[in-house]
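A.B. asks: Got a structure for you, questions after.
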Amino acid sequence: MKSVVTTVVTAADAAGRFPSTSDLESVQGSIQRAAARMEAAEKLAGNIDAVAKEAYDACIKKYPYLNDAGEANSTDTYKAKCHRDVKHYMRLVQYCLVVGGTGPLDEWGIAGSREVYRALNLPTPPYVEALSFARNRGCASRDMSAQALTEYNALLDYAINSLS
């Protein structure tokens, strides 16, 4: 799994060198932000069902045509799968918070997702909308500390940019 530590070590090893001072500083920065990431991961774990449902509802509100016959959200089965996919992305964000890197999103959420969505004729803008809603609904005073919210939002931005 890709984390800051494995990325630094792998890059230095590939270059045939020891990790540089700046490499070690990036690892140290990640370690210093670990408490904020853990707070965000814990808060997300406690609310993941509600956050995923709100995000799903927001994307359907913005793209109501998805409920039309033959579209991606037209049957109860499709609706359950769309909601499951939004929750899957939120869980991957949680995993990324724990490991301190984008590995889970890269390996399980982004790699090949465009091809799968194209093959199944699933639009990506609704997923982007759901993740954007999840990012924008976060509130430092209500949900988590400012630093934890920053870590959470950075990963949502990463997922949004990868699907855009």
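Rundown of residues vs (1) in a helix (DSSP H, G or I); (2) in contact (Cβ under 8 Å) with a residue 12 or more places away in the chain, yes/no style:
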| site | (1), (2) |
| --- | --- |
| TYR78 | yes, no |
| MET90 | yes, yes |
| LEU97 | yes, yes |
| ARG118 | yes, no |
| CYS139 | no, no |
| LEU155 | yes, yes |
| TYR158 | yes, yes |
| SER162 | yes, yes |
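A.B. asks: State which residue is surrounded by the fewest Cβ atoms within 10 Å (Cβ to Cβ) when the search covers only the range 99-116 and only residues that are in contact (Cβ under 8 Å) with a residue 60 or more places away in the chain and in a helix (DSSP H, G or I). Before you say what the answer is, go through the steps one by one.
C.D. replies: Initially, the range 99-116 is screened for residues in contact (Cβ under 8 Å) with a residue 60 or more places away in the chain, giving 99-104, 106-107.
Keeping just the survivors that are in a helix (DSSP H, G or I) gives 99, 103-104, 106-107.
Details: VAL99: 18, GLY103: 18, PRO104: 22, ASP106: 16, GLU107: 14.
Of everything passing the filter in the range 99-116, GLU107 is surrounded by the fewest Cβ atoms within 10 Å (Cβ to Cβ).
A.B. asks: Moving to a separate point now. Give the number of residues within the range 62-80 that are over 21 Å from ARG135 (Cα atoms) and surrounded by 15 or more Cβ atoms within 10 Å (Cβ to Cβ).
C.D. replies: Within the range 62-80, residues that are over 21 Å from ARG135 (Cα atoms) and surrounded by 15 or more Cβ atoms within 10 Å (Cβ to Cβ) number 6.
A.B. asks: For the range 133-164, which residues satisfy the criterion of being farther than 21 Å from GLY101 by Cβ and surrounded by fewer than 19 Cβ atoms within 10 Å (Cβ to Cβ)? First the steps, then the outcome.
C.D. replies: Taking the range 133-164 and keeping what is farther than 21 Å from GLY101 by Cβ, we get 133, 136-137, 139-143, 146.
Within the range 133-164, ASN136, ARG137, CYS139, ALA140, SER141, ARG142, ASP143, ALA146 qualify.
A.B. asks: Here's another thing I want to ask about it. Could you list, in sequence order, all residues of the range 25-49 that are among the aliphatic types (A, V, I, L, M) and at pLDDT 90 or above? Give the derivation first.
C.D. replies: At the first step, the residues of the range 25-49 found to be among the aliphatic types (A, V, I, L, M) are 27, 31, 34-36, 38, 40-41, 44-45, 48.
The answer is ALA34, ALA35, ALA36, MET38, ALA40, ALA41, LEU44, ALA45, ILE48.
A.B. asks: In addition: Would you mind listing the helices (runs of 4 or more DSSP H) fully within the range 1-64 where at least 3 residues are among the acidic types (Asp, Glu) and in the same structural domain as HIS83 (by TED's automatic domain parsing)? Give the derivation first.
C.D. replies: Numbers: elements: 4-14, 21-32, 34-62.
Passing ranges, in order: 34-62.
A.B. asks: Can I ask one more? Could we say that SER74 is in contact (Cβ under 8 Å) with a residue 12 or more places away in the chain and either in the same structural domain as GLU107 (by TED's automatic domain parsing) or under 21 Å from the mean Cα position of the chain (by Cα) (or both) here? Don't jump to the end; show me each part of the working.
C.D. replies: Values: in contact (Cβ under 8 Å) with a residue 12 or more places away in the chain: no; either in the same structural domain as GLU107 (by TED's automatic domain parsing) or under 21 Å from the mean Cα position of the chain (by Cα) (or both): yes.
Judged against the criteria, SER74 is not a match.
A.B. asks: I would also like to ask the following. Inside the range 117-132, can you point out the residues that are of a type in the set (A, V, I, L, M), more than 12 Å from the chain's Cα centre (by Cα) and surrounded by 13 or more Cβ atoms within 10 Å (Cβ to Cβ)? Spell out how you get there, then give the answer.
C.D. replies: At the first step, the residues of the range 117-132 found to be of a type in the set (A, V, I, L, M) are 119-120, 122, 128, 130-131.
With more than 12 Å from the chain's Cα centre (by Cα) added as a condition, the list becomes 119-120, 122.
Residue satisfying the conditions is LEU122 alone.
The values are calculated or read from the model by the stated rules, or taken from the named source; none is laboratory data. If you're wondering where the values come from, they're calculated on a predicted model, not measured in any experiment. All Cβ positions, even for glycine, are placed from backbone atoms using ideal geometry, and neighbour counts span all protein chains on display.
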